[in-house]
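Novice: Input: one structure, supplied below.
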Amino acid sequence: MHDSPKGKRASLFVTCMVDMLYPETGWAVVDVLEHLGITVDFPPKQTCCGQPAFNAGDRTSAKQVAIQFLKAFKDAEAIVTPSGSCAAMVRHEYPILFADDPQWFDEAKRLAAITWEFTEYLVGGLGISDLQLRLPKRRSFAFHDACHGLRMLGLGAAARTLLKNMDNAVVEELEESDVCCGFGGVFSVKMADVSGAMLKRKINGIQECSAETIVTGDVSCMTHMNGGLARTPSPKRVRHIADVLADGLPDKPS
Amino acid sequence: MRKNRDEIMSRLDAAHPPLGAIEGGLERLSVVPMEHLSPQQTVDRFKEQARLLSSSVYVPASADEAIRLVMDLLGDDNRVMSWAFEHIPLPGLEAAFRTNSIRVVSARDETIRVGITGADAALASTGSLVLLTGEGKPRLASLLPKVHMAIIRQDQILADLETWVATLHEQGLDAFQNTASAMIISGPSRTADIAMQLILGMHGPGELHIIILEPTHL
Amino acid sequence: MKVTSNDFTSTAKLSLMDDEMRRSVKQATTTAYQKRIDLMFEAGHAHGEALRQRAAQAKRRALQRLPDLLDQAEAKLTANGAHVLWASDGEKVNQLVLEIITRHAVTSVVKGKSMVSEEVGLNEALEDHGIEVIETDLGEYILQLADEPPSHIVIPVIHKSLTSIRDLFIEKLNMTPTDDGHEMAQFARRVLREKFLTADMGITGGNFIVSETGSICLVTNEGNGRMVTSLPRVHVALVGIEKMVATLEDFAILTQVLPRSATGQSMPVYTHMYNGPRKAGEPDGPDEMYVILVDNGRSAIFNSGYAQILTCIRCGACMNACPVYQATGGHAYGWVYPGPLGAVLTPLLVGLERARPLPHASSLCGACKQVCPVDIDLPQMLLDLRHDLYHRRAVDPILKWGLKLWAFGNRFPALFEFGGRIARLLTGDRSLKRLPGFLSRWTNYRDFPPFARESFRRQWRERRGD
């Protein structure tokens with residue numbers, strides 16, 4: 001599938017939500033990559049992958065935004081993003097979006113071929129399953145499989161492996177971990193009642209899980225789940241896998 | 001009505017192939033992969049699968065024992081629905097019925113509890129029976145009564161449905177074409193429509209008894 | 001059947017509050033979902049995937065050659081004494097059936113389950129002409145008594161609890177009260193028995209047509225299919241033109257994949273193959289057999305970019321796996337086909353304008369594609385339908401202009417960053433419990449997190465230079 005990114009510079013596609021809402025997650029990714037000796041850069045012209053418009057049916061707007069992505073990453077050798085859904089957008093939908101566009105099609109294909117989700121970059125791309133990390137205290141985690149990452153990219157095993165190999169991390173299973181949390185992008189507002197019902201089901205599963213923290217690979221799903229958990233008495237929250245892994249780094253710069 | 005046909009066909013013909021290029025082939029694939037089975041293994045496999053479907057399976061030691069089995073299952077009944085004796089591979093059955101004053105009835109009679117048939121083939125991988133229609137082979141015998149008794153020869157048991165289909169091709173499809181209908185029966189009738197509870201015996205028979213005769217009995 | 005798909009959001013809202021229905025649906029779908037996994041992958045993951053691909057091949061290749069296969073099937077059936085009729089649309093189906101009824105002096109009809117007959121409103125059309133039509137699949141019979149539409153294509157009464165069925169039987173059929181499912185089924189059996197034995201005509205659907213022999217193939221568990229095709233003098237099979245497969249080999253694979261995927265069975269209890277009416281000398285069976293090949297919008301799909309949906313074998317696995325279907329039940333989808341199948345097929349058959357919400361009734365989680373035994377890419381088709389909807393301007397103005405504004409902001413990094421800053425100013429450093437207007441739909445169910453004081457890109461500039 002992908003050419004190996006070993007030895008290549010990693011260009012961070014931080015994603016619009018991490019950029020605006022969870023910048024610390026962006027730094028967690030940078031810290032983990034630099035801990036492994038990888039050169040990381042941040043192409044400043046990036047904005048969004050265009051997924052929200054694409055999912056809503058507006059391919060014109062999606063394409064405009066996607067072109068900005070292509071421009072921003074024109075010098076990239078490997079693109080790493082802490083989002084399964086954004087990586088899936090670039091890999092699977094960009095070739096469709098640009099199918100009839102001779103000007104941009106080749107570039108879209110090129111970038112699709114070098115875009116990695118964060119955990120698959122580490123385990124699949126670099127071949128590293130054990131980051132030599134150690135949490136200061138014993139903590140328990142369970143993984144929620146964000147849908148696009150799971151079904152379109154085959155993610156899930158990589159993240160669990162990275163977690164399990166972290167000292168002091170206990171990894172448990174979340175019931176129905178592969179059932180959609182109900183976010184679905186614009187679906188979360190367009191079909192808010194159904195989204196809310198699916199959220200309730202996911203939260204029930206989280207509350208019944210014995211793990212202290214739920215971990216996932218997409219901050220969009222995380223935002224939806226934490227937003228719902230905040231309205232329950234439960235102290236449990238969902239965190240991004242990069243943040244959890246960064247907690248296990250020997251020193252905490254930045 | 002010709003008009004409807006022409007309309008529909010012209011709409012379909014007007015298209016380019018609707019799905020573009022299709023990869024992959026139509027090679028033979030067994031849904032239930034099985035190593036080659038000896039005759040005994042075939043019988044055992046059939047028994048195991050049929051029982052999983054709540055069919056009762058018997059392998060009597062002789063034709064006489066088979067007849068006793070049939071009589072036991074008939075109990076006090078003296079009227080049955082049945083295929084013609086020439087289509088049921090149990091020698092002595094007709095005589096046994098005469099002796100015991102059991103009448104074969106062809107009416108749509110709800111008081112008849114048992115229907116007796118042979119089969120045209122059986123499938124080991126799924127514990128199924130294949131019944132074809134034809135002269136002397138009433139459909140209702142395996143359908144209306146609450147109890148269906150099927151008597152088959154061991155050598156009628158094929159490995160699986162794919163094998164049966166292959167034999168149809170080998171014989172030439174004309175023979176199959178001349179059959180009004182085929183019924184592949186896998187167990188007694190059932191429903192799960194009432195709150196997903198599994199209930200045996202809906203519209204078809206609620207009991208299926210399969211008697212397998214070994215070649216030495218015949 | 002009447003199309004109410006445009007009411008999806010309001011119907012869904014009501015059904016979300018129906019705890020009993022949702023419990024029934026959840027229990028049934030998760031059971032079926034698990035059994036399907038167990039059986040499809042019984043011989044290992046690779047074999048299960050190979051089965052799916054082989055099943056997909058059988059349907060796709062048949063679709064490619066559909067006109068030839070229809071021709072061949074018609075010739076075979078006709079040679080075997082069956083009458084093959086063609087119906088462009090629903091009105092024609094009903095007209096043809098009524099003509100057959102008149103020709104054969106039919107006064108009562110017993111029916112096996114047929115989704116096509118629901119599409120065209122056959123029962124109503126016959127009843128309007130004074131013909132008694134009795135559904136015989138137990139689930140469909142229950143719905144007929146309750147005057148409700150089906151909510152699942154394989155388990156049509158998936159939404160009904162045992163007690164509601166019991167109450168229905170007591171009310172409509174004077175059943176002696178019992179909570180025993182077996183007794184209730186036996187009671188229904190006795191009631192329906194009489195109908196089977198006296199009906200003049202049996203109507204069925206068809207799961208597959210094998211073109212090389214013309215065989216109409218039907219799968220049932222109850223035996224009602226056999227009853228309606230063995231007892232009455234006339235058998236009418238209504239079959240969508242897309243049900244075609246080329247060979248008996250294809251049929252052998254599909255008749256085993258279908259029950260595995262639908263209910264976790266290795267074979268249906270009854271797999272029927274009808275080549276024609278009874279032959280001379282046969283003791284029973286229908287004197288006349290009619291096969292009505294139904295278009296009703298299928299040829300239009302054939303010509304569109306959505307032809308793949310015509311390879312569906314109606315197993316219901318997609319709705320069993322769908323968390324949206326599990327939340328809302330089937331009635332919310334507003335027509336014959338619920339769940340992911342319905343979200344794609346309904347707009348294509350009845351028109352997008354009459355089913356605008358359906359392509360959006362999905363979080364695009366992909367579970368349906370994962371379980372589909374013929375590997376249909378339902379999520380991609382939903383995305384394509386959303387695109388079609390957008391281009392027909394069938395979209396919320398607020399959403400439309402919101403997206404345009406959002407796209408504009410995302411084309412210019414400086415504007416993007418500025419937008420983030422404004423958002424931060426407007427919202428402060430606390431979670432938001434209530435957002436205005438359209439966005440209140442978010443906060444009806446969840447908080448929204450505060451915008452970061454400094455965006456990542458700004459922090460990067462400060463710490464790392466440019």
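Novice: How big is the stretch A:10-125 by Rg and Dmax over its Cα atoms, in Å?
Specialist: In order Rg, Dmax, the Cα atoms of the stretch A:10-125 give 13.6, 42 Å.
Novice: Keeping every protein chain present and rolling a 1.4 Å probe, give me the accessible area per residue for the stretch C:306-379 in Å².
Specialist: 17 Å²
Novice: Determine, from the Cβ-Cβ distance of C:Gln95 and C:Lys2 and an R0 of 25 Å, the FRET efficiency 1/(1 + (r/R0)^6), rounded to the nearest 0.05. Write down the numbers at each step before the final one.
Specialist: Numbers: r = 20 Å, r/R0 = 0.78.
It comes out at approximately 0.80.
Novice: Taking every DSSP beta bridge with both residues inside the protein assembly as shown, roughly what % is antiparallel (nearest 5)?
Specialist: So the antiparallel bridges amount to about 25 percent of the total.
Novice: Which of the DSSP-defined H helices in chain C satisfy a minimum axial length of 18 Å, computed from C-alpha atoms, and a minimum mean Kyte-Doolittle hydropathy of -1.0?
Specialist: C:66-79, C:90-103, C:181-198, C:248-263, C:378-391, C:397-411, C:413-427
Novice: Let me ask something else. Over chain B, with a Gaussian network built from C-alpha contacts below 10 Å, which listed residue (B:Glu23, B:Glu135, B:Glu162) shows the highest mean-square fluctuation?
Specialist: For chain B, modelled as a Gaussian network with Cα springs under 10 Å, the answer is B:Glu23.
Novice: How big is the C-A contact in terms of buried accessible area, both chains counted, 1.4 Å probe, rounded to the nearest 100 Å²? Intermediate results must be reported in sequence, preceding the final value.
Specialist: Working: alone 22880 and 11770 Å², together 28910 Å².
So the total buried area for this chain pair works out to about 5700 Å².
Novice: Something else: Indicate the gyration tensor shape class of chain A (rounded, prolate or oblate), computed on the Cα atoms with a ≥ b ≥ c the square roots of the eigenvalues: a/c under 1.5 is rounded; otherwise a/b larger than b/c is prolate and the rest oblate.
Specialist: Taking the square roots of the gyration eigenvalues as a ≥ b ≥ c, chain A is oblate.
Novice: What Kirkwood hydrodynamic radius do you get for the stretch C:397-464 when you take the inverse of the mean 1/r over all pairs of distinct Cα atoms, in Å?
Specialist: 13.5 Å
Novice: In the stretch A:65-103, which trypsin sites (Lys or Arg not before Pro) fall in coil by DSSP and have 16 or fewer other Cβ atoms within 10 Å?
Specialist: A:Lys74
Novice: Compute the Cα gyration tensor for the stretch B:36-213, then decide on rounded, prolate or oblate, letting a ≥ b ≥ c be the square roots of its eigenvalues: rounded whenever a/c is under 1.5, prolate when a/b is larger than b/c in the other cases, and oblate in all that remain.
Specialist: It is rounded, given that a/c, with a ≥ b ≥ c, falls under 1.5.
Novice: May I pose another question? Quantify, in whole percent, the carbon and sulfur part of the accessible surface of the stretch A:10-125 (1.4 Å probe; protein heavy atoms only). Can you show the working numbers first?
Specialist: Values: 1760 of 3280 Å².
Ligands and nucleic acids excluded, carbon and sulfur give 54 percent.
Novice: With every protein chain present, what accessible area does B:Trp164 have (1.4 Å probe, heavy atoms only), rounded to the nearest 10 Å²?
Specialist: That residue has around 10 Å² of solvent-accessible surface.
Novice: Between C:His391 and C:Met17, 0.36 nm times their residue separation minus their Cα-Cα distance comes to what?
Specialist: So the chain would gain 131.3 nm between C:His391 and C:Met17.
Novice: Where the only charges are on Cβ atoms (+1 Lys, Arg; -1 Asp, Glu), what is the dipole of chain C about its Cα centre, to the nearest 20 debye? Please report the intermediate quantities before stating the final value.
Specialist: Working: 55 positive and 53 negative charges, 543 e Å.
So the magnitude is around 2620 debye.
Novice: Using per-residue counts of other Cβ atoms within 10 Å, averaged over each peptide, order A:38-46, C:124-132 from highest down.
Specialist: A:38-46, C:124-132
Novice: Let me ask something additional. No partner Cβ under 4.7 angstrom, meaning no disulfide-compatible partner by this rule: which Cys of chain C qualify?
Specialist: Isolated Cys, chain C: C:Cys217, C:Cys312, C:Cys315, C:Cys322, C:Cys372.
Novice: Rank by packing, highest mean first: peptides A:94-104, C:371-381, C:276-286, with packing defined as the count of other Cβ atoms within 10 Å averaged across residues.
Specialist: C:371-381, C:276-286, A:94-104
Novice: Still on this structure, please answer the following. When only the heavy atoms of the protein chains count and the probe is 1.4 Å, how do B:Arg79, C:Arg52 rank by accessible area, highest first?
Specialist: So, going from the largest accessible area down, we get B:Arg79, C:Arg52.
Novice: Ok, one more. May I ask for the Rg/Rh ratio of the stretch A:134-246, computed from Cα atoms with Rh as the Kirkwood radius, given to two decimals?
Specialist: Over the Cα atoms of the stretch A:134-246, Rg/Rh equals 0.96.
Novice: Related question: Using a 1.4 Å probe over the heavy atoms of the protein chains, calculate the carbon and sulfur portion of the accessible area of chain C as a whole percent. If you can, show how the numbers build up before the last one.
Specialist: Working: 8450 of 16410 Å².
Answer for chain C is 52 percent, counting heavy atoms of protein chains only.
Novice: Something else: Within 10 Å of each Cβ in peptide C:61-74, how many partner chain Cβ atoms are there on average? Round it to a whole number, please.
Specialist: Shielding by partners across C:61-74 averages 3.
Novice: Between chains B and C, what is the buried accessible area summed over both chains (1.4 Å probe, protein heavy atoms, nearest 100 Å²)?
Specialist: Summed over both sides, the interface buries about 7600 Å².
Novice: Here's another thing I want to ask about it. Build a GNM of chain B with springs between Cα atoms under 10 Å: which of B:His169, B:His203, B:His87 gets the top mean-square fluctuation?
Specialist: Of B:His169, B:His203, B:His87, the most mobile in the Gaussian network model is B:His169.
Novice: Now, a different point. Using a 10 Å cut-off around each Cβ of peptide A:208-220, what is the average number of partner chain Cβ atoms that fall inside?
Specialist: Across A:208-220, the average partner-chain Cβ count within 10 Å equals 0.
Novice: Then there's this: Compute the accessible area per residue over chain A, keeping the other protein chains in place, probe 1.4 Å, unit Å².
Specialist: 35 Å²
Novice: Seen from all sides and averaged, what is the projected area of the convex hull of the Cα atoms in chain C, in nm²?
Specialist: Numbers: hull surface 109.0 nm².
Over all viewing directions, chain C projects a mean Cα-hull area of 27.3 nm².
Novice: Report the rotationally averaged projected area of the protein assembly as shown based on its alpha-carbon convex hull, in square nanometres. Please list the in-between numbers first.
Specialist: Numbers: hull surface 160.7 nm².
Computing the convex hull of the Cα atoms and averaging its projections yields 40.2 nm².
Novice: While we're looking at this one, here's another question. Give me the percent of DSSP beta bridges within chain B that run antiparallel, rounded to the nearest 5.
Specialist: Numbers: 10 of 30 bridges.
Among the beta bridges of chain B, antiparallel pairing accounts for roughly 35 percent.
Novice: Grab the beta carbon distance between C:His83 and B:Ala21, set R0 = 25 Å, and tell me the FRET efficiency rounded to 0.05.
Specialist: According to the calculation, E is roughly 0.10.
Novice: Further question: For chain B, what is the accessible area per residue in Å², given a 1.4 Å probe and the full set of protein chains? Don't skip to the end; give the middle numbers.
Specialist: Values: 9370 Å² over 218 residues.
Per-residue value: 43 Å².
Novice: If packing is taken as the average number of other Cβ atoms within 10 Å across a peptide's residues, how do C:253-260, C:161-168 rank, most packed first? Mind showing how you got there, number by number?
Specialist: Values: C:253-260: 24.6, C:161-168: 17.0.
Highest-to-lowest ranking by the protection proxy: C:253-260, C:161-168.
Novice: Which of A:Ser234, A:Ser188, A:Ser83 moves the most in a Gaussian network model of chain A with Cα springs under 10 Å?
Specialist: Top of the fluctuation ranking is A:Ser234.
Novice: Loop-only check: which GluC sites (Glu not before Pro) in the stretch A:136-224 are DSSP coil with at most 13 other Cβ within 10 angstrom? Display every interim value, and only then the final one.
Specialist: Details: sites: A:Glu172, A:Glu173, A:Glu175, A:Glu176, A:Glu208, A:Glu212; in loops: A:Glu173, A:Glu175, A:Glu176, A:Glu212.
Filter output for the stretch A:136-224: A:Glu173, A:Glu175.
Novice: A further question on this structure: Considering only the other residues whose Cβ falls under 14 Å of the Cβ of C:Gln370, what net charge follows from Lys and Arg at +1 and Asp and Glu at -1?
Specialist: On the way: positive: A:Arg151, C:Arg36, C:Arg52, C:Lys369; negative: A:Asp145, A:Asp178, C:Glu49, C:Asp375, C:Asp377.
Counting the neighbours of C:Gln370, the net charge comes to -1.
Novice: Any chance you could check the stretch C:393-424 for residues losing 40 Å² or more of accessible area when the partner protein chains are in, compared with the chain on its own (1.4 Å probe)?
Specialist: By number: C:Leu399, C:Leu403, C:Trp406, C:Asn410, C:Arg411, C:Pro413, C:Phe416.
Novice: Would you mind giving the mean number of other chain beta-carbons within 10 Å of the Cβ of each residue in B:128-139, as a whole number?
Specialist: Values: counts 5, 0, 2, 0, 2, 9, 5, 5, 3, 3, 5, 10.
Counting other chains' Cβ atoms within 10 Å and averaging over B:128-139 gives 4.
Novice: Something else about it: Does the stretch C:41-296 come out rounded, prolate or oblate, given a ≥ b ≥ c as the square roots of the eigenvalues of its C-alpha gyration tensor, rounded meaning a/c under 1.5 and, failing that, prolate meaning a/b above b/c?
Specialist: Oblate shape, in that a/c is at least 1.5 and b/c is the bigger or equal ratio.
Novice: On to the next question. State the percentage of accessible surface on the stretch A:134-246 attributable to carbon and sulfur atoms; use a 1.4 Å probe and exclude ligands, DNA and RNA.
Specialist: 49 percent
The values are calculated or read from the model by the stated rules, or taken from the named source; none is laboratory data. The structure displayed is predicted, hence computed values, not measured ones. Heads up, the Cβs are rebuilt from the backbone with ideal geometry, glycines too, and the neighbour counts pull from every protein chain shown. Protein only, heavy atoms only, side chains kept; ligands, DNA and RNA dropped before computing areas. Shrake-Rupley method; radii C 1.70, N 1.55, O 1.52, S 1.80 Å.
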